[in-house]
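Novice: Structure below; questions to follow.
Every number in this text was worked out from the coordinates using simple rules, so none of it is lab data. What you see is a predicted model, and the numbers here were worked out from it, not measured in a lab. Quick reminder, even Gly has a Cβ in these numbers, built from the backbone with ideal geometry, and neighbours come from all protein chains shown.
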Amino acid sequence: MRKKLFIPGPVEVREDVLARLATPMIGHRTAQASALQRGIAGKLRQVMYTDNEIILSTSSGSGLMEGAVRSCTGKRAAVFSIGAFGDRWYRMCTANGIPADLIQSELGQPTTPEQVEAALSTGQYDLVAITHNETATGVANNLDELAPVLARHPEVVFCVDAVSSLGGHRIEVDRSGIDICITSSQKCLGLPPGLAVASVSEKAYQAAKKVPHRGLYFDYVELVDFVRVRNHQYPSTPSLPHMFALDYQLDRILAEGLDNRFARHTAMAERVRAWAREQFALYSNERYLSNTVTCVDNTRNLPFATLSAGLAERGYEISDGYAALKGRTFRIAHMADATLTEIEGLLDAIDALVG
């Protein structure tokens, strides 16, 4: 039996979206390919609320995350972590020889404005990396709280990992002063894995031009230059099937209406949270809960293997806790094109198993 996915990516992909992956190939150096990438960029600007350049990457979001710190850190990076994926961004820095410091929050808690101000007031850093939405804990940082701190330090490049939230949460890139905002295809955008996108400010681009060893494949200068100088081209051969599907899916997202899309994610999140409070408990700080994934504290000590096997028999799949929270929590994703009716079906299935 095929299982319907309610995991924090990859997500369920609509049949009509999957069909676009089979669009006949075109040359990647043609005017048609330029028009495709240009159209995608224009639509993503609407979803991201930005006028910044849009770059694409045939990779997971991690590729553009690594490219961001490698391309734009001239002095030292401050990486703020609220869980496993913030820690991963720090490991990217150290693996590339980039001077960096890791500022961690307690699991289940957000990054605070006080933490960011304390770090940036030292004058040591020219790049900040922040996870917006941490799928390990179901915490979403409040960018409205953090953005004013970054605005007081305009010399710092502000990078945001929105891999698991952009398209599900409203993220207004320009209003928040985000220089690099990164997401990928297999989460809220509702596509298969394999494509990442980022918005890049002029400040980030100019900062990158001053960094001598940026790598090649994820070099933000080259990626932006191919957009500007080569008329919306890509430095190497891109995944054209993903681009065809993304172009189509962005039309669907905009037709749904961004406000409606965000409201649907909020409604699904609130339903799962209410259920979790009744049947188990919520793991994380309730002031900072994600609208795309809920981390449930397994207060009944139900073996996840038992829960997972029972759900598989009913055609559903959710996720165990991640890293340090494995076995202690489990996670239910509610993102992309999922509906409240589908969420109700999943919760009914869990209720049948736990009694």
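Novice: Here are the criteria: (1) in a loop (DSSP other than H, G, I, E, B); (2) of a type in the set (A, V, I, L, M, F, W, C); (3) over 21 Å from the mean Cα position of the chain (by Cα). Tell me which single one Ala309 does not satisfy.
Specialist: Of everything listed in (1) in a loop (DSSP other than H, G, I, E, B); (2) of a type in the set (A, V, I, L, M, F, W, C); (3) over 21 Å from the mean Cα position of the chain (by Cα), Ala309 misses just condition (1).
Novice: Among the numbered conditions (1) touching a Ser or Thr at 6+ places or on another chain (Cβ under 6 Å); (2) without any contact (Cβ under 8 Å) to a residue 60 or more places away in the chain, tell me where Glu117 comes up short.
Specialist: Exception for Glu117: condition (1).
Novice: Please find, within the stretch 187-237, the residue that is surrounded by the most Cβ atoms within 10 Å (Cβ to Cβ) out of those that are closer than 30 Å to Leu21 by Cβ and hydroxyl-bearing (Ser, Thr, Tyr).
Specialist: The qualifying residue surrounded by the most Cβ atoms within 10 Å (Cβ to Cβ) is Ser199.
Novice: Which one is farthest from Tyr220 (Cα to Cα) among residues in the stretch 58-99 that are among the polar types (S, T, N, Q) and surrounded by 24 or more Cβ atoms within 10 Å (Cβ to Cβ)?
Specialist: Thr73
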